[in-house]
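Peer 1: Below is the structure I would like to discuss, written out as structure tokens.
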Amino acid sequence: MALKSQRPVDLAREHGLSTQAIRNYEADGVLPPAARTTSGYRIYTDAHAVALRAFLALIPAYGHATARTIMRAVLGGDPDTALRAVDQGHALLLRDRETLDSVEIAIAILSEISPEKRVNLQIGEVAYRLGVTPATLRKWEAAGILTPRRDRTGQRVYDQDDLRDAQLAHLLRRGGYRLDHIATVTAQVRAADGTAALAESLARWRQRLSARGRDMLTAAARLDALLSPSPAAASPPP
């Protein structure tokens, strides 16, 4: 079945875009090349409309750079590369969910730990309190979990926040969590200036993850329409 011709403005109007944006997308390789009339005007078709819907749905789901990679791969006849990028996006979302779960566990754990008064501890003192070795603390520092300052002699000095992070890391490691997950958790705690402020943002964080998951579902439907044998048959979304 012949594909229906569309003007750039027809594609742009559906999404509130400018005609220049449509031309830019084509030049960027996220839309198929348009045929030209004898006078040089671009001729877009239903296939371009399907591709545009897919690209615009991919952006909130995976980010602009990954959306561009996916579209270029699909239009270049390399669906495996496109699907691998999709898989990586889902894996990152799962990791973010697991990190959020870790943070929630951390909040619960730390709420049961009495806050420390101001302290200035050496690495051996912190290791003794936790029942770990100084080498373990250095390993956690290398992983970004701990950020102790150094004194004038270059020795590590752990304050009460460092001790909190060390206690948290110790408990999460005993729970089987990876160092990179724990580093993300302690970074979140430090950025929020403690667990109380961080706890207030967890619901919003989970909402953002859920919204991204829904965006991925929408993007999957649009991408499937693009990959189907008859993209001309795909109807625009309601």
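The values are calculated or read from the model by the stated rules, or taken from the named source; none is laboratory data. Computed from a prediction, not measured in an experiment: that's the story for all the values here. Cβ coordinates were reconstructed from backbone atoms using ideal geometry, including for glycine residues, and neighbour counts include every protein chain displayed. Only protein heavy atoms, including side chains, enter the accessible area calculation; ligands, DNA and RNA are left aside. Shrake-Rupley method; radii C 1.70, N 1.55, O 1.52, S 1.80 Å.
Peer 1: For segment 91-129, how many residues are among the hydroxyl-bearing types (S, T, Y), surrounded by fewer than 16 Cβ atoms within 10 Å (Cβ to Cβ) and at pLDDT below 90?
Peer 2: Going through segment 91-129 one residue at a time, the tally reaches 2.
Peer 1: To continue, here is another question. Being of a type in the set (V, I, T) and at pLDDT 85 or above is the filter; apply it to segment 170-185 and report the residue that is least open to solvent (accessible area, probe 1.4 Å).
Peer 2: Among residues in segment 170-185 that are of a type in the set (V, I, T) and at pLDDT 85 or above, the one least open to solvent (accessible area, probe 1.4 Å) is I182.
Peer 1: Further question on the same structure: Among the residues of segment 130-142, which ones are closer than 20 Å to A191 by Cα and crowded, with 16+ Cβ neighbours inside 10 Å?
Peer 2: Selection gives W140, E141.
Peer 1: Show the residue pairs meeting these rules: Cβ distance below 9 Å; 6+ apart or different chains; first residue within segment 208-219 and under 11 Å from R97 (Cα atoms); second residue among the polar types (S, T, N, Q) and loosely packed, with under 15 Cβ neighbours inside 10 Å.
Peer 2: none
Peer 1: Separate question: Among the numbered criteria (1) in contact (Cβ under 8 Å) with a residue 40 or more places away in the chain; (2) among the aliphatic types (A, V, I, L, M); (3) open to solvent by less than 40 Å² (accessible area, probe 1.4 Å), which one does A73 miss?
Peer 2: (1)
Peer 1: Another question, then. Out of curiosity, is R68 within 17 Å of the chain's Cα centre (by Cα), charged (D, E, K, R), within 21 Å of G16 (Cβ to Cβ) and crowded, with 16+ Cβ neighbours inside 10 Å?
Peer 2: The answer is yes for R68.
Peer 1: In this structure, does L146 turn out to be buried (at least 18 other Cβ atoms within 10 Å of the Cβ) and in contact with a Ser or Thr (Cβ under 8 Å, 6 or more places away or on another chain)?
Peer 2: Judged against the criteria, L146 is a match.
Peer 1: Among all residue pairs at least 6 apart or on different chains, which show Cβ distances below 7 Å where the first residue, located in segment 81-97, is in contact (Cβ under 8 Å) with a residue 40 or more places away in the chain and the second is of a type in the set (G, A, S) and open to solvent by less than 60 Å² (accessible area, probe 1.4 Å)?
Peer 2: If the second residue must be of a type in the set (G, A, S) and open to solvent by less than 60 Å² (accessible area, probe 1.4 Å), the pairs left are A82/A73; G89/A61; L93/G213.
Peer 1: Give me the residue from segment 25-60 that is of a type in the set (D, E, K, R) and surrounded by fewer than 16 Cβ atoms within 10 Å (Cβ to Cβ) and, out of that set, modelled with the lowest pLDDT.
Peer 2: My answer is R36.
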